[in-house]
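Read-outs throughout are calculated quantities, based only on the coordinates presented, and are distinct from any laboratory measurement. Note that the structure is predicted; figures quoted are calculated from it, not measured. Quick reminder, even Gly has a Cβ in these numbers, built from the backbone with ideal geometry, and neighbours come from all protein chains shown.
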Amino acid sequence: MPGGRGVRWRGLLVCAIDGTIMNVPDSAANLVRFTKGGGSHGGTGYPQVRLLALVACGTRTLIDAVFGPTTSGRPPTPPACCAACGRAWSCWPTVTFAAGWLAARIAATRAEFLIRVKTGHGAPKLPALHRYQDGSFLSRFGGVPVRVIDAQITITTTAGRHTGTYRLITTLRDYHRYPAGSLVRLYHERWQIETAYLELKSTILGGRSCVPAPQPASPRRSTPS
C-alpha cells in the first residue's frame with residue numbers, strides 16, 4: 001500500500017484524524033459561508049475552509065469529514081468523525097485532539113485509539129496504576145482505561161540529528177499482542193493523512209463549488225457514498 005505497511009495492522013484498520021485549512025472554488029455560494037484568508041499582500045484568492053477528516057492510512061481513503069469556516073479559529077468539532085471510528089476499528093488522532101472527552105467518544109464506538117499527548121507544561125495527569133514489562137503503564141484518560149507509552153524518537157536528516165520525547169496513550173492494553181515498540185513505530189503511519197490532504201489540495205480547485213447553497217454556521221458532514 002502507498003507509503004504504509006498495509007490497510008490493516010494485526011486485524012485493525014489503521015486510520016488517522018487531523019485538521020487542515022483548504023482553498024475551495026471562488027464561487028458565490030462558497031463566499032456566502034466561507035471567507036478569504038488575510039495576508040500582507042491582499043489575502044488569498046480563494047475562500048478557505050477548515051477541514052477535519054478521518055482517513056485510512058493504508059489507502060488514504062477519506063472515510064468521513066466535517067468542515068466549517070476558518071473564522072471559528074479552531075477545527076470543527078469531531079463528533080461525526082468519532083461516529084465513523086466505529087466503522088474504522090482504530091484511530092490515530094493528533095496531539096491537537098488529545099482531550100479526554102474525545103478519547104471517551106472514540107472508545108464508546110468500540111474503536112481503538114493511539115493518541116499522542118503533551119509532555120511537560122499543560123500535560124494531562126496520567127497516574128501510573130500498574131507497570132507492564134515493556135515499560136508502559138496503565139492509567140486513565142477521560143474516564144477510559146489506557147496504556148501509556150513513553151518513547152525517545154530520533155530524527156536524522158542532512159542537517160543533523162534531533163531527539164524528542166513522545167508520550168502515546170492507547171486502548172490497546174495487551175502489551176504481549178501490541179508491544180510498545182511496535183506501537184511507536186506504527187504511529188508514524190498517521191502522517192499518511194498529510195499526503196492525503198496534499199492530494200486533495202492539488203485537485204479540489206479543479207472541481208465544482210463545494211457548497212451548492214447558503215448553509216447555517218454549524219459544521220457540515222460529508223460521507224462518501
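If you plug each phi of the range 132-140 into the Karplus form 6.51 cos²θ - 1.76 cosθ + 1.60 with θ = phi - 60°, what whole-Hz ³J(HN,Hα) values come out, in order, with x for Gly and Pro?
Taking θ as phi minus 60°, the curve returns 9, 5, 8, x, 7, 9, 7, 8, 9 Hz for the range 132-140.
For Tyr46, what residues show an amide H to amide H distance below 5 Å, using hydrogens built from the backbone and excluding near sequence neighbours?
Result for Tyr46 returns Gly37.
When the Karplus curve 6.51 cos²θ - 1.76 cosθ + 1.60 is applied with θ = phi - 60°, which whole-Hz ³J(HN,Hα) does each residue of the range 49-54 get, with x for Gly and Pro?
For the range 49-54, the Karplus-derived couplings read 10, 9, 10, 10, 10, 10 Hz, x marking Gly and Pro.
Tell me, Glu199, Glu112 in order of fewest to most beta-carbon neighbours within 10 Å?
Glu199, Glu112
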